[in-house]
1. Working from Cα positions, state the angle (0 to 90°, nearest 10) between the long axis of helix 68-82 and the longest principal axis of the chain.
2. Can you give me the Kirkwood hydrodynamic radius for region 192-342, using every pair of distinct Cα atoms, in Å to one decimal?
3. Taking the Cα atoms of region 192-269, what is the range of coordinates along each of the three principal axes, in descending order and whole Å?
4. Mean residue ellipticity at 222 nm from the helices of the chain, using -39,500 (n - 2.57) per DSSP H segment of n ≥ 4 over the full residue count, to the nearest 500 deg cm²/dmol?
5. How do His91, His33, His53 rank when sorted from fewest to most other Cβ atoms within 10 Å of their own Cβ?
6. Please compute the length gained on full extension between Phe82 and Leu251, using 0.36 nm multiplied by the number of residues separating them and subtracting their Cα-Cα distance.
7. Would you please give the residues with an amide H less than 5 Å from that of Arg170, counting only those at least 5 places away or on a separate chain, with H modeled from the backbone geometry?
8. In cubic angstrom, how much convex hull volume per residue do the alpha carbon atoms of region 283-380 span?
Amino acid sequence: MNIGIVCYPTFGGSGVIATELAKGLANRGHNLHILSYARPARLDSLRTDITFHEVDLSSYPLFEYPPYDLALANVMVNLIKFERLDVLHVHYAIPHATSAFLAKQILSEKAAGVPIITTLHGTDITLIGSDPSYKEVVDFSINQSDGVTAVSEYLKEETYRKFDIRKDIRVIPNFVDLDRFKRTNKNHFKKAICPEGGKVITHVSNFREVKRVPDVISVFDRILKNGIEARLLMVGDGPDRQRAENKCRDLGMCDKVRFLGKQEQVEEVLSISDLFLIPSGSETFGLAALEAMSCGVPVVSSDIGGLPEVNKQGVTGYLCELGDIDCMGKRATEILKDDELHKKMSAAARKHAEQFELDNVVEIYEDYYREIKDGLEVTT
Ligand code: GMT
C-alpha cells in the first residue's frame, strides 16, 4: 500500500509512535510518506521506502499566524493525487484530522477510496482538543474520519465522554521496539554518572506542565532523605525545565541531579537506570514509561489516565495518587532498598512491555487499514 502518515515532528510520544509505525510498515513492504513541518526526530536513517514531505509555510505580511492546516491540506491533496495514496493516517486530531477532511472535500470522488484514519493520542482530547476554542471543530473532524483509533481504553472512554462521537473507536495501544529498548551493558556510563556507586533514577519527558517535573525533584528529595545514595537523570527539555532546576537549587541538591536535555539514545540512559519516575497530571498512555519498562526499569507513577494500563500496581512498579509525593517517595525507596523486589519488578516490567511489541501492533494497524478501506469500497 501507499500510506501517508501525518504527525508532529517533536520528541513527544505521538511523533515517535507515528514515525516508528511508518518504519514498521515500510519493513513490511509498504511505501510510506511522512508529512510534517519538520523531519521527525526518530526518522533518522535514509531509506528509499519512506519519503518525508515538509509542509512549507510561506509567510505573507497579512499572516500573523500562517495557516498550517491549509498548507498541510494542500500537501495531502497533492499526495493523494500524484502518489496515489491508499490510506491517509493522521496522528493527533488537531489540526491533522481537519486538514484531512478538507483535502478529501477538495478531491471529492478522486479521494473516494482513500480512507482517513485518525489516531487520538492525548491532549488532542483531554486538554486542548476539548477547549471551547477548538471543541466543535475537533468533534466534527473526528466524526468525519473513516476510522478512529485511541491509544488506550482510558482515552477511548474520555473521547466518548467529552465529545459527541458517533464513530466506533478502536483501541490500538502504543508499542515499543523490544530490540532497541533492552537493557545493555553501559557500565562506563554508569560509572561516569555515579563514580562512587549508588542508584540511578530517571525521568524522560517534554517538561510541559502536565508532566509535573517539579514533583520528580520532590520525590527524588524524599529518596535522598530516606538515606539512598542516588543520582537523578532528567532527560528532555521544555517549558518547566527552569522551574525544575530552580527547585533543585532551593533544595540544595544540584550536585545529584543531571539535566541531560533532549537525547536520541534514550535506551542508553534507561540501561543504567534503577527506577523511572512519571508523576504526570494527565497521561493517556505514558510511552516513556513503557520504554523504561522494556529496559527492565520499574516505574513509580501517578495513577491517572492510561498509566494503570501500562504500569501494573505492585508488579511492574507502583502507582500513587496524583501529587502524592509522600507515597511516591516511599514506594520508590521500597523498590530501591530491596534488591529482591527490584529484581522481580524489573523482570515483570520487561515481561509486561513484551505485550506491546512493535511488530504485533504494526500488524494490527495494517489489518485495520484494510478493514476500513474494504468498508469504504463496499459503500462507494
Ligand atoms: O497529547 C500530548 O500531550 C502529546 C502527545 C505527544 O505527542 O507526546 O502525548 C500523548 O501521546 C503519547 C503517545 O500516544 C502518550 O504516550 C502520552 O501519554 C500522551 N500525553 C498525554 O496524554 C499528556
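We did not get these values from a lab; they are worked out from the coordinates using the rules stated. The shown structure was predicted, so the numbers you read here are calculated from the model rather than taken from an experiment. Cβ: placed from backbone, ideal geometry, glycine included. Neighbour counts: every protein chain shown.
1. Its long axis makes an angle of about 60 degrees.
2. 14.9 Å
3. 31, 28, 16
4. Counting only the DSSP helices, I get -13000 deg cm²/dmol.
5. Ascending Cβ contact count within 10 Å gives the list His53, His33, His91.
6. On the way: separation 169, 0.36 × 169 = 60.84 nm, distance 5.87 nm.
So the extension gain works out to 55.0 nm.
7. When sequence neighbours closer than 5 places are left aside, the close amide H contacts are Val148, Thr149, Ala150.
8. Values: hull volume 9.3 nm³, N = 98.
About 95 Å³ per residue, rounded to a whole number.
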